[in-house]
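In what follows, a single structure is set out as structure tokens and then discussed.
The values are calculated or read from the model by the stated rules, or taken from the named source; none is laboratory data. Being a predicted model, the structure only gives us computed values, none of them experimental. Ideal geometry is used to build each Cβ from the backbone, glycine not excepted, and the neighbour counts take in all protein chains shown.
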């Protein structure tokens, strides 16, 4: 009998199991290495009585309570900030490690902010028993930028995002589909100021501050100092923390586009030394979690609808600035519900129990 | 009798009168100050026999020939590069000033590249008898950037575009409407890699190298050195020429988005001296041709579908970098068929004949 067969397999709680990211997480759990014993779906009282599919079986959703974390090794959270702020510490107090995908803990000095391909070494020290998962926009680019930083030394970066509706959750998805159903059959809309807004009506805006169909909306999140959006500050502050570069210059403009799922980002990054397009491409081709598609003359570059539902960070349009040999421009796409949320969270959870197994093994050997 | 009433009013030829931009041009001519005597619509042999509306009347389209420019004071061109390259010099040889909106002459040292609000002084010297009109993406930002440059001294800039389908002409408009009709009623598309591409079919791509509905496409134009697109080099080289800054560092990523008309651009610009958001806003509020909409907490920022069909360059999201006091970020929108093409061309044409009237007056006085 091996040690693995002898040991209890760990228990995973999925908090927010009925949401857009929770649904993707449960679907991914059926496909990934089966490291978990029990998988316990958890949601708010609103989802009481519902069942969800867990590895092919219907499982009743448990309502969030302190007791729901008893016997749980890792609890992954995809719920609003205030719910995480309340319940992740409860899970930790009951002995689980909480892996949280809200913004509640990301900038807490006592909470590591982890992207396994970039800073898995940060997982070990977790004084609050909480690990934070980065924002989906940061995650759509940081694996590739981490690889380039290790090779060339990142000094500053500009990022302009092309963010999908599902970044605003199921309400964002539903709203964009509703708006497209309204504008899809009308061949005149989008040619006169305000006609799309009038066609969908004020109640048709959903979670967005302006129409998204036939439009782009230069706003995501809430207002921060100096006219910046919270989303733009997340890209800056989280990139700094993940890369371990507290003074990194990051300037971002975050824009919502009429795409269902998969965020894209145009990045222009400056490095400590000159970097040719070929050098950058070679590093990205060898980087775990990165897929390179970069032959524009053959129509090959990543686009959101061509890569949605996949795991890697897709990179194309890799090119050196003609004006500054230290600058590389790139176009990146990442599924915001997978690597941008569910996948990164599950990768962290799996590393945590792999670590526990390792610790247990070294303790008993 | 005043001098104006005594003089022959000038003749304008509109070459490409049946195209997307030509159509907007004729519609704008019905609204603008009526400085023209004859307005002569001209197109290729493909449009022989067609009529177009000119100031409320049906006028027969004349087929492109040397004789069509006889008696013409100003000939505005919106036709493919190769057609302009052939015919603009013919118009000039026949005594017309050619104002060309193709890429054929923009970087010619003997051809001024003019945005009236920025460098109208360049109109006077035109050794080839040709004036070039900038690319629509450059025009969606350069009026505002010109004003900021005059005030603060532009040193470098990063631009990421959100370009409308109509930048690819009527075929672009038709393609996006067709694609939206296909995806508009289907609530599952956009969630699986390649499903949009499959739904619209290879023949449904139209002028774009990837699906545009439910997607963004990081490519416009043709391949240039080092993996850059011709559109990105246009933004760089035309900005340099218009602003008179031959060494300006400009780094652009040009991306097509599923919007019918109006290009948007996220710009992060660095100036010779520190610039606060308030200082930048004050300059833009006083700049001709610029409209400021900038109160994100009230949902006020420019979006393409809210400003399409209008003349100004719309600017919002004006903010100073928290990491570099010399850097200002902005989000700009400009109707690519109006200021981005038809309007700027007509403004140049009107300045040319105002200049001619002035010259004639000073000669006879």
*Across region B:240-283, which residue is nearest to residue B:172 (Cα to Cα) among those that are free of Cβ contacts under 8 Å to residues at least 12 places away in the same chain and outside any loop (DSSP other than H, G, I, E, B)?*
B:240
*Taking the residues in region A:28-44 that are assigned to a strand (DSSP E or B) and touching a strand residue (DSSP E or B) at 6+ places or on another chain (Cβ under 6 Å) as candidates, determine which candidate is surrounded by the most Cβ atoms within 10 Å (Cβ to Cβ).*
A:42
*asked:* Can you pull out every residue in region A:1-15 that is at pLDDT below 70 and surrounded by 11 or more Cβ atoms within 10 Å (Cβ to Cβ)?
replied: A:3
*asked:* Based on this model, can you work out whether residue B:358 counts as touching a helix residue (DSSP H, G or I) at 6+ places or on another chain (Cβ under 9 Å) and either away from chain A (no Cβ under 14 Å) or at pLDDT 95 or above (or both)?
replied: no
*Picking from B:86, B:122, which residue would you name as being outside the structural domain of residue B:291 (by TED's automatic domain parsing), under 23 Å from residue B:313 (Cβ atoms), surrounded by fewer than 23 Cβ atoms within 10 Å (Cβ to Cβ) and without any contact (Cβ under 8 Å) to a residue 60 or more places away in the chain?*
B:122
*residue A:236 vs. criteria closer than 13 Å to residue A:138 by Cβ and surrounded by fewer than 23 Cβ atoms within 10 Å (Cβ to Cβ)*: yes
*Could you please give the count of residues in region A:316-330 that are over 25 Å from residue B:191 (Cβ atoms) and facing chain B (nearest Cβ under 7 Å)?*
9
*For residues that are out of contact with any helix residue (DSSP H, G or I) (no Cβ under 7 Å at 6 or more places or on another chain) and within 8 Å of chain A (Cβ to nearest Cβ), scanning just region B:188-212, find the one that is surrounded by the fewest Cβ atoms within 10 Å (Cβ to Cβ).*
B:192
*asked:* Checking the condition within 21 Å of residue B:320 (Cβ to Cβ) and modelled with pLDDT of 95 or more, which residue from B:165, B:144 passes?
replied: B:144
*On the given criteria, is residue B:151 assigned by TED's automatic domain parsing to the domain that holds residue B:250 and under 18 Å from residue B:216 (Cβ atoms)?*
no
*Given the conditions (1) assigned to a loop (DSSP other than H, G, I, E, B); (2) at negative phi, and given that residue B:71 satisfies all but one, which numbered condition is not satisfied?*
(2)
*Among the residues of region B:244-275, write down those that are more than 9 Å from chain A (Cβ to nearest Cβ) and either over 24 Å from residue A:302 (Cβ atoms) or surrounded by fewer than 16 Cβ atoms within 10 Å (Cβ to Cβ) (or both).*
B:244, B:245, B:246, B:269, B:270, B:271, B:272, B:273, B:274, B:275
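Conditions tested, residue by residue: (1) surrounded by 24 or more Cβ atoms within 10 Å (Cβ to Cβ); (2) touching a helix residue (DSSP H, G or I) at 6+ places or on another chain (Cβ under 6 Å); (3) closer than 30 Å to residue A:218 by Cα.
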{"site": "A:127", "(1), (2), (3)": "no, no, no"}
{"site": "A:135", "(1), (2), (3)": "yes, yes, yes"}
{"site": "A:157", "(1), (2), (3)": "yes, no, yes"}
{"site": "A:160", "(1), (2), (3)": "yes, no, yes"}
{"site": "A:166", "(1), (2), (3)": "yes, yes, yes"}
*asked:* Based on this model, can you work out whether residue B:216 counts as facing chain A (nearest Cβ under 8 Å) and in contact (Cβ under 8 Å) with a residue 40 or more places away in the chain?
replied: yes
*asked:* Return the residues of region A:293-315 that are buried (at least 24 other Cβ atoms within 10 Å of the Cβ) and either under 28 Å from residue A:245 (Cα atoms) or more than 7 Å from every other protein chain (Cβ to nearest Cβ) (or both); say none if nothing qualifies.
replied: A:302, A:313, A:314, A:315
*Among the residues of region A:176-187, is there at least one that is more than 7 Å from chain B (Cβ to nearest Cβ), within 21 Å of the chain's Cα centre (by Cα) and either surrounded by fewer than 24 Cβ atoms within 10 Å (Cβ to Cβ) or not in a loop (DSSP other than H, G, I, E, B) (or both)?*
yes
*What residue, among those in region A:221-232 that are free of Cβ contacts under 8 Å to residues at least 60 places away in the same chain and more than 8 Å from every other protein chain (Cβ to nearest Cβ), is surrounded by the most Cβ atoms within 10 Å (Cβ to Cβ)?*
A:232
